Amino acid sequence: MCEDLDRWERDGQVSFLGASGPRRFAVTRAEALTLLDHFIEHRLSAFGPHEDAMMSGDPWMAHSLLSAPMNLGLLDPIEVVNRAEDAYRRGSAPIASVEGFTRQVIGWRDFVWHLYWHLPDSYRDMNELEAGEPVPDWFANLEADSVDAACLSHILADVRDNGWAHHIPRLMVLGNYAMQRGWEPAEVTDWFHRAFVDGYDWVMVPNVVGMSQYADGGILATKPYAAGGAYINRMSNYCGDCVYDPRKRVGANACPFTAGYWSFMYRNRERLGANSRMAQPLSGLKRLSDLEELLAQEASRGSAAP
Ligand SMILES: Cc1cc2nc3c(=O)[nH]c(=O)nc-3n(C[C@H](O)[C@H](O)[C@H](O)COP(=O)(O)OP(=O)(O)OC[C@H]3O[C@@H](n4cnc5c(N)ncnc54)[C@H](O)[C@@H]3O)c2cc1C
Ligand code: SF4
């Protein structure tokens, strides 16, 4: 199979994204069961306290890596959840971790599946925030080394090397940056689809169009998942090694996420104005004495690699 792929690539029939390396994800029933056993035994306990954290050098943390085998039909989601519940009843995993994991599988995975079939096909093309910028090449091609922003650089490298990152890097770093910069949601969806090992239409479309880009105007989420550098600093160890400062919004070391957050709020202030959950973040704009400078700075940064 690998030889076929190499040959097709040489012949120009297909092109691939990212670095090739050892296969890390289960693709047979036997491999999937071994992975499930390993997760239940060794990582489920730590899932709850760490599920939203990000760490350079350890992209996997306590995540299950079960999305690919579940999406391939090698594991039934209910068998996965039953195993987690059983671990709790045996006293080998705490309730917070078992509840958190169950919520991901039944709460999110099933919710997204049903939403996909419930929504009209036109959902994929929604663009309520009228975001029209193209996805830049450095992002599209996973050029981690051309990015100074430590969080983005590490995560693009993880996706390049593994075809995977967990839900917070996807949502709060990659998706957040795309939304802040106003990249076209359908292009962003297409990119996620190509870059991730577990990408399927039914799961990508609601997660990217709805959850990460707020392009559906609030059908899936009650407000945009937009955040500045303070959030990333709280949830990760990336900022310590970064040339930017998460507390700075203007100046040479202004964090592109912090400044990008305010620029996003300003650009969408009228579109989001009727959303009561956005009243407080939008009112923050009035307190920014350096707003004009910030907007000029971010207009000049645009979609260039930060
Ligand atoms: C922008 C964006 C794009 C995403 N694209 C995909 C995708 O193409 N395919 C995919 O399977 N998941 C997708 N997800 C959901 C989630 O990020 C991955 O399922 C998860 O990171 C896979 O790693 P894991 O198996 O170790 O998950 P764990 O953290 O161990 O979670 C357990 C399981 O919960 C399920 N799950 C958790 N969150 C979601 C969610 N939001 N939607 C659906 N299932 C969820 C997955 O089946 C996952 O295997 C996306 C999330 C975001 C924010
Ligand atoms: S300072 Fe900003 S760009 Fe740098 S790692 Fe932190 S959030 Fe990312």
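The values are calculated or read from the model by the stated rules, or taken from the named source; none is laboratory data. Everything quoted here is computed from the prediction, not taken from an experiment. Because the Cβ atoms are built from the backbone with ideal geometry, glycine has one as well, and the counts that use them run over all protein chains shown. The protein model used for the area step is the full one, side chains on, heavy atoms only, and it has no ligands, DNA or RNA in it. Shrake-Rupley method; radii C 1.70, N 1.55, O 1.52, S 1.80 Å.
Tell me whether region 170-184 contains one or more residues that are of a type in the set (Ser, Thr, Tyr) and open to solvent by less than 20 Å² (accessible area, probe 1.4 Å).
Scanning region 170-184 turns up at least one residue that is of a type in the set (Ser, Thr, Tyr) and open to solvent by less than 20 Å² (accessible area, probe 1.4 Å).
Open to solvent by 30 Å² or more (accessible area, probe 1.4 Å), more than 18 Å from the chain's Cα centre (by Cα) and over 21 Å from Gln180 (Cα atoms) - does that describe any residue in region 122-144?
Yes - at least one qualifying residue is present in region 122-144.
For every residue, the table says whether it meets (1) within 16 Å of ligand 1 (Cβ to nearest atom); (2) farther than 21 Å from Gly182 by Cα.
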{"site": "Trp202", "(1), (2)": "yes, yes"}
{"site": "Ser212", "(1), (2)": "yes, no"}
{"site": "Thr222", "(1), (2)": "yes, no"}
{"site": "Tyr238", "(1), (2)": "no, yes"}
{"site": "Cys242", "(1), (2)": "no, yes"}
{"site": "Gly260", "(1), (2)": "no, no"}
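Given the options Gly48, Gly107, Gly57, name the one that is under 22 Å from the mean Cα position of the chain (by Cα), surrounded by 14 or more Cβ atoms within 10 Å (Cβ to Cβ) and not assigned by TED's automatic domain parsing to the domain that holds Ala150.
Gly48
What residue, of Trp108, Trp183, Trp117, is more than 16 Å from ligand 2 (Cβ to nearest atom), aromatic (Phe, Trp, Tyr) and closer than 23 Å to Arg24 by Cβ?
Result of the check over Trp108, Trp183, Trp117: Trp108.
Could you identify the single residue in Tyr225, Tyr177 that is within 16 Å of ligand 2 (Cβ to nearest atom) and either modelled with pLDDT under 95 or in a loop (DSSP other than H, G, I, E, B) (or both)?
Exactly one of Tyr225, Tyr177 is within 16 Å of ligand 2 (Cβ to nearest atom) and either modelled with pLDDT under 95 or in a loop (DSSP other than H, G, I, E, B) (or both), namely Tyr225.
Assess whether Glu79 counts as being surrounded by fewer than 19 Cβ atoms within 10 Å (Cβ to Cβ) and either more than 30 Å from Gly18 (Cβ to Cβ) or in contact with a Phe, Trp or Tyr (Cβ under 9 Å, 6 or more places away or on another chain) (or both).
It is true that Glu79 is surrounded by fewer than 19 Cβ atoms within 10 Å (Cβ to Cβ) and either more than 30 Å from Gly18 (Cβ to Cβ) or in contact with a Phe, Trp or Tyr (Cβ under 9 Å, 6 or more places away or on another chain) (or both).
Please verify whether Thr34 is of a type in the set (Val, Ile, Thr), touching a residue at least 40 places away in the same chain (Cβ under 8 Å) and surrounded by fewer than 14 Cβ atoms within 10 Å (Cβ to Cβ), treating the condition exactly as stated.
no
Testing Gly199 on (1) surrounded by fewer than 20 Cβ atoms within 10 Å (Cβ to Cβ); (2) without any contact (Cβ under 8 Å) to a residue 12 or more places away in the chain, one condition comes back false. Which one is that?
Only one criterion is unmet by Gly199, namely (1).
In this structure, does Arg234 turn out to be within 16 Å of ligand 2 (Cβ to nearest atom), without any contact (Cβ under 8 Å) to a residue 40 or more places away in the chain and open to solvent by 30 Å² or more (accessible area, probe 1.4 Å)?
In short, yes.
Being of a type in the set (A, V, I, L, M), away from ligand 2 (no atom under 16 Å from the Cβ) and open to solvent by less than 40 Å² (accessible area, probe 1.4 Å) is the filter here, so list the residues in region 241-275 that pass it.
Correct list: Met265, Leu272.
Please find, among Arg271, Arg234, the residue that is within 26 Å of His166 (Cα to Cα), more than 16 Å from ligand 1 (Cβ to nearest atom) and outside the structural domain of Glu51 (by TED's automatic domain parsing).
Arg234
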